[in-house]
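The values are calculated or read from the model by the stated rules, or taken from the named source; none is laboratory data. On a predicted model such as this, the values are computed, not experimentally measured, just so you know. Every residue, glycine as well, gets a Cβ built from its backbone with ideal geometry; the counts of neighbours run over all protein chains shown.
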């Protein structure tokens, strides 16, 4: 090899040395070019596999680009190479918490906090995960300490607000969120959380506006639909085709389909995209011109909007909620068929839902579901009542709990015949009452104008407001609220007492409408 070739080879080796590759990776990483950074970090590790800092950075890039499981593996490797590495232990703990692995997350964060007790971010993160486990007093003490370490730490005020909201202390929660926003005006999660607290308090106008930050917080609602047509921003819809698309759960869609009629009254052609299980039922909503199943080809439209943005653009307040029900309809022939099958049974005929959708792939939703679900065996005082016919409306994995019923506890179960919400609507319409946890059937019954009793968890959903047993969304709804987190015995006992005292008219006197 001549001198020129040796110089070229040396330059090539220098350009691809681990140190230079790492510098390039860091520059890409800082510019949010995560794919390039990941490729370069891996190239570094191919040559220098025992560098904990590179494994740490690779984990950061993977987490930021939506690959938490791979990030966890990187931080575990970093800690195996450098056991006393508080940053890696902190990030590992927070990512495990996001994945729902709270026990190991706490161990990692306690270890990180012991290594770096003066680092506000770590103590604040430990407090946030303690809050999720229900250790509220310890979480609050740590958050107060975090704010002593860093009085300008907006995340800590946001987490303090969440803790206060968990405790159903909404005034202090709002104060904490506003403090976070004074420190960091663009803190999307604090805006979103403030919106939920304000909506729960009934301050709908400001609450809806803050709720729009859900698309900016990097969380579970942070991906707007990438349509080429523009979002509707409140301009006239006369002569225009507006696509309303489902955004979150079935219940949200059922609740907000009510806005199709007032929109159609302004001259809009209202198109609706919903999950397949809602398609047939959504077609019965007044004002809906066309319904398409999620994933199918969309019709032409001029503007679009996620359903939960409707109240903000329409300026909905507590006194202007379009609460006229029913705005859903069940097939009269199917309703008659169910009434015929129920005719031999004593009345009242009561539908029962004891659990929501667990969603094991979504730790946040799964945690809420654990708090809102009761369990069929806990409802034993209801099932023990004489002269009441109970009918299961429970779908999904919790339906298997019927096998746990004690002898003598009878629950009619025709759910195998319910293929979608239109089928469920027909059976619901035939019933005298629905008793349910806070899940989609509560909205279905309310929208059908059927009497519905809703068991609401202690940290109840914003839509049920606070300290009310009625609902401005559904005139036929009655709320039974937990007075403390955890057991449901008091709620079930209250429902059983009220149901035992329910005087139902004779068949001839009742003449229920289809």
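Details
Residue-by-condition table, conditions (1) buried (at least 20 other Cβ atoms within 10 Å of the Cβ); (2) in the same structural domain as residue 297 (by TED's automatic domain parsing); (3) under 30 Å from residue 133 (Cβ atoms); (4) touching a strand residue (DSSP E or B) at 6+ places or on another chain (Cβ under 8 Å):
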{"site": "152", "(1), (2), (3), (4)": "no, no, yes, no"}
{"site": "196", "(1), (2), (3), (4)": "yes, no, yes, no"}
{"site": "199", "(1), (2), (3), (4)": "yes, no, yes, no"}
{"site": "208", "(1), (2), (3), (4)": "yes, no, no, no"}
{"site": "217", "(1), (2), (3), (4)": "no, no, yes, no"}
{"site": "226", "(1), (2), (3), (4)": "no, no, no, no"}
{"site": "236", "(1), (2), (3), (4)": "no, no, no, no"}
{"site": "246", "(1), (2), (3), (4)": "yes, yes, no, yes"}
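- Residues in segment 247-256 that are modelled with pLDDT of 95 or more and over 12 Å from residue 440 (Cβ atoms): 1 in all.
- Restricted to segment 184-266, the set of helices (runs of 4 or more DSSP H) holding at least 3 residues that are within 23 Å of the chain's Cα centre (by Cα) comprises 188-201, 204-211, 250-256.
- Single match in 305, 313, 298, 352 (criterion: part of a loop (DSSP other than H, G, I, E, B) and in contact (Cβ under 8 Å) with a residue 24 or more places away in the chain): 298
- For beta carbons closer than 7 Å, sequence separation of 6+ or different chains, a first residue in segment 61-79 that is assigned by TED's automatic domain parsing to the domain that holds residue 42 and a second that is outside any helix (DSSP H, G or I), the qualifying pairs are 68/99; 78/85; 79/85.
- Among the conditions (1) surrounded by 16 or more Cβ atoms within 10 Å (Cβ to Cβ); (2) assigned to a helix (DSSP H, G or I), residue 286 misses just one, which is (2).
- Per-region count, segment 450-485, residues at positive phi and out of contact with any helix residue (DSSP H, G or I) (no Cβ under 9 Å at 6 or more places or on another chain): 1
- Of the set (1) in contact with a helix residue (DSSP H, G or I) (Cβ under 8 Å, 6 or more places away or on another chain); (2) farther than 16 Å from residue 435 by Cβ, all apply to residue 413 but (2).
Let's see how each residue does on (1) surrounded by 18 or more Cβ atoms within 10 Å (Cβ to Cβ); (2) not assigned by TED's automatic domain parsing to the domain that holds residue 252:
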residue: 300; (1), (2): no, no
residue: 309; (1), (2): yes, yes
residue: 319; (1), (2): no, yes
residue: 342; (1), (2): yes, yes
residue: 348; (1), (2): yes, yes
residue: 367; (1), (2): no, yes
residue: 378; (1), (2): no, yes
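- Of the residues making up segment 267-283, just one is buried (at least 17 other Cβ atoms within 10 Å of the Cβ) and part of a loop (DSSP other than H, G, I, E, B), namely 268.
- Filtering 367, 343 for residues that are out of contact with any strand residue (DSSP E or B) (no Cβ under 6 Å at 6 or more places or on another chain) and over 19 Å from residue 248 (Cα atoms) leaves a single hit, 343.
- With respect to the stated conditions, residue 370 is under 21 Å from residue 442 (Cβ atoms) and modelled with pLDDT under 95.
- In segment 400-426, the residues that are assigned to a helix (DSSP H, G or I) and touching a strand residue (DSSP E or B) at 6+ places or on another chain (Cβ under 7 Å): 402, 415
- Matching residues, segment 433-471, being farther than 22 Å from residue 488 by Cα and surrounded by fewer than 19 Cβ atoms within 10 Å (Cβ to Cβ): 449
- Odd one out for residue 493, checked against (1) more than 18 Å from residue 353 (Cβ to Cβ); (2) touching a strand residue (DSSP E or B) at 6+ places or on another chain (Cβ under 9 Å); (3) modelled with pLDDT of 95 or more: (2)
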